[in-house]
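*Asks:* Let me begin by handing over the structure; questions about it come next.
The values are calculated or read from the model by the stated rules, or taken from the named source; none is laboratory data. Computed from a predicted model, the values in this text were never measured in an experiment. Here Cβ is always computed from backbone atoms with ideal geometry, including for glycine, and neighbour counts include all displayed protein chains. What goes into the accessible areas is simple: the full protein's heavy atoms, side chains included, and nothing from ligands, DNA or RNA. Shrake-Rupley method; radii C 1.70, N 1.55, O 1.52, S 1.80 Å.
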Number of protein chains: 2
Amino acid sequence: MKTISENRCYGGTQGVYSHASDSCNCEMTFGVFMPEEAAHGPVPVLWFLSGLTCTHENAMTKAGAQAWAAEQGIALIFPDTSPRGADVPDDDAYDLGQGAGFYIDATTAPWDKHFKMWTYVAEELPALVGENFALDMDRQSICGHSMGGHGALTMALALPGRFRSVSAFAPICNPLNSEWGRKQFTAYWGADESQWGPHDASVLMQGEGFDGPILIDTGTDDQFTALLGTPALAQAMAEKSQQGTIRLQKGYDHSYFFIATFMEDHVAFHAEALYA
Amino acid sequence: MKTISENRCYGGTQGVYSHASDSCNCEMTFGVFMPEEAAHGPVPVLWFLSGLTCTHENAMTKAGAQAWAAEQGIALIFPDTSPRGADVPDDDAYDLGQGAGFYIDATTAPWDKHFKMWTYVAEELPALVGENFALDMDRQSICGHSMGGHGALTMALALPGRFRSVSAFAPICNPLNSEWGRKQFTAYWGADESQWGPHDASVLMQGEGFDGPILIDTGTDDQFTALLGTPALAQAMAEKSQQGTIRLQKGYDHSYFFIATFMEDHVAFHAEALYA
């Protein structure tokens with residue numbers, strides 16, 4: 001693991017690191033915020049999965065999460081959203097290829113050599129950060145934005161016992177019925193839908209549900225409303241009597257200004273679960 | 001004035017606007033955050049002047065100021081740091097030309113046609129925003145970072161009665177004795193130092209001082225310490241018995257992570273003066 005930068009931040013440290021990833025078969029970069037409490041022992045962990053076009057950097061610099069994580073004594077992990085590099089396949093579209101890993105493992109060429117973001121975020125990166133930082137890996141929660149909201153929700157639902165709470169800002173809730181989903185699944189998994197994985201929060205919710213609280217914020221003026229599929233997840237949560245809250249925030253859109261506005265609520269929500 | 005974007009943010013609106021600037025002789029872009037209190041009447045104003053290489057956007061997206069401005073019911077104005085455009089002179093160096101206006105009015109060619117950032121920030125932009133937004137222009141304060149800290153301090157000192165309080169993050173305090181100053185003054189004003197203006201906070205402090213409180217935060221690990229000239233201003237403030245505080249923050253550097261960490265303090269400091 002290489003240290004790219006470390007900056008003092010709210011009494012703790014905002015670092016950026018890179019490492020040779022086995023699952024993604026390329027160098028991967030990620031951010032970690034460690035609160036000052038980490039000097040005295042392992043601290044709980046909140047993952048933040050970012051959306052389309054983002055790298056590890058966007059949420060790290062624009063979401064304002066460190067202020068609240070420092071207050072609560074929680075570490076933040078900011079993974080990248082896809083493999084990167086000249087050898088890694090890409091597409092001219094902003095929503096396919098680099099910057100658009102969709103938190104799944106690709107099975108078809110040319111994507112299958114590098115696009116293993118499920119394995120990377122669910123297995124490889126947790127092992128790496130667990131070994132290299134003072135993190136209490138028995139206390140983890142997860143959050144995400146847009147495509148990263150899809151990632152956070154599907155990981156929380158598909159990995160029971162891993163996360164104590166899950167939240168999302170404007171998540172893609174029902175990718176199987178959205179062009180933010182079908183397009184990428186077709187590319188990464190092939191056209192035969194019978195081979196597609198169960199990476200859809202609204203479908204997964206119909207199974208066991210999530211053993212913990214869920215918080216979702218979506219703006220009423222989100223410019224991508226039709227692509228998010230919020231109604232499908234709202235319906236599934238209600239049918240399941242899933243513990244959770246869906247807030248439709250008046251006048252807010254899909255931007256980081258929206259995320260920053262409600263970040264304090266999300267970190268406090270996770271802190272309650274992490275310190276329960 | 002053209003609206004480039006408006007995003008709902010902490011109950012208010014973060015907007016980006018542009019206009020044809022008379023003083024800079026080009027189209028200029030700026031950001032304005034209006035808290036929700038502005039719906040009911042004019043609100044106090046806090047200017048934020050940015051540093052080298054920045055546009056209007058950096059502080060607007062990375063400093064986290066809106067959270068605290070919303071809490072205090074204060075508007076934020078984020079000017080650009082120089083004129084821009086294909087017709088505007090530039091230099092290959094990051095610290096000269098576009099992105100490096102230094103908050104002074106250039107008098108020598110080729111800079112003198114566009115580089116009038118003193119007049120722009122001190123006169124033209126206040127008139128424009130005062131006319132177009134619900135701002136109480138009798139209640140203004142000013143803040144800045146690095147080159148923008150130099151701008152904030154020199155404006156507060158040279159425009160008595162304009163600002164109720166002034167603060168800065170890692171400001172350039174003594175540009176007459178720094179390559180962050182001499183280089184730009186030589187370019188914009190010419191080599192004859194007798195023609196240089198009194199745009200140096202440490203020198204201005206030796207005059208009347210500032211009729212209000214000053215707050216300065218600078219990191220002990222600032223990578224540009226030698227260029228900032230903090231000792232000169234500290235000495236001048238002490239000799240003057242100037243009301244104010246200089247904090248040297250252990251372990252912090254020159255980055256926006258440093259700014260964000262102490263932004264709450266700065267906005268609260270200005271709010272106390274603005275609502276006194």
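*Asks:* Can you pull out the residues in the range B:217-237 that are away from every other protein chain (no Cβ under 14 Å) and either in contact with a Gly (Cβ under 7 Å, 6 or more places away or on another chain) or open to solvent by 70 Å² or more (accessible area, probe 1.4 Å) (or both)?
*Replies:* B:Thr225, B:Ala226, B:Pro231, B:Gln235, B:Met237
*Asks:* Something else about it: Suppose the filter is assigned to a helix (DSSP H, G or I), over 13 Å from the mean Cα position of the chain (by Cα) and farther than 19 Å from A:Leu159 by Cβ; does A:Gln98 pass it?
*Replies:* Considered against the rule, which asks whether it is assigned to a helix (DSSP H, G or I), over 13 Å from the mean Cα position of the chain (by Cα) and farther than 19 Å from A:Leu159 by Cβ, A:Gln98 comes out as no.
*Asks:* Specify the residue that is most open to solvent (accessible area, probe 1.4 Å); the eligible residues are those in the range B:167-208 that are in contact with a strand residue (DSSP E or B) (Cβ under 9 Å, 6 or more places away or on another chain), part of a loop (DSSP other than H, G, I, E, B) and of a type outside the set (A, V, I, L, M, F, W, C).
*Replies:* Out of the qualifying residues, it is B:Gly197.
*Asks:* Looking only at the range A:24-45, which residues are open to solvent by 10 Å² or more (accessible area, probe 1.4 Å) and either under 24 Å from A:Arg139 (Cα atoms) or within 14 Å of chain B (Cβ to nearest Cβ) (or both)?
*Replies:* Matches in the range A:24-45: A:Thr29, A:Met34, A:Glu36, A:Glu37, A:Ala38, A:Ala39, A:His40, A:Gly41, A:Pro42.
*Asks:* Six or more apart or on different chains, Cβ atoms under 9 Å: show the pairs whose first residue is in the range B:256-270 and more than 12 Å from chain A (Cβ to nearest Cβ) and buried (at least 23 other Cβ atoms within 10 Å of the Cβ) and whose second is among the polar types (S, T, N, Q) and part of a helix (DSSP H, G or I).
*Replies:* Here the result reads B:Val267/B:Gln72; B:His270/B:Gln72, each pair linking the range B:256-270 to a residue that is among the polar types (S, T, N, Q) and part of a helix (DSSP H, G or I).
*Asks:* Hey, another quick one. Please go through the range A:71-115 and pick out each residue that is within 14 Å of another protein chain (Cβ to nearest Cβ) and in contact with a helix residue (DSSP H, G or I) (Cβ under 7 Å, 6 or more places away or on another chain).
*Replies:* A:Leu76, A:Phe78
*Asks:* Note down all Cβ pairs under 7 Å where the first residue falls in the range B:37-49 and is over 30 Å from B:Phe102 (Cβ atoms), the second is open to solvent by 10 Å² or more (accessible area, probe 1.4 Å) and modelled with pLDDT of 95 or more, and they're at least six residues apart or on different chains.
*Replies:* So the pair list comes out as B:Ala38/B:Ala134; B:Gly41/B:Ala134; B:Pro42/B:Ala134; B:Pro42/B:Leu135; B:Pro42/B:Asp136.
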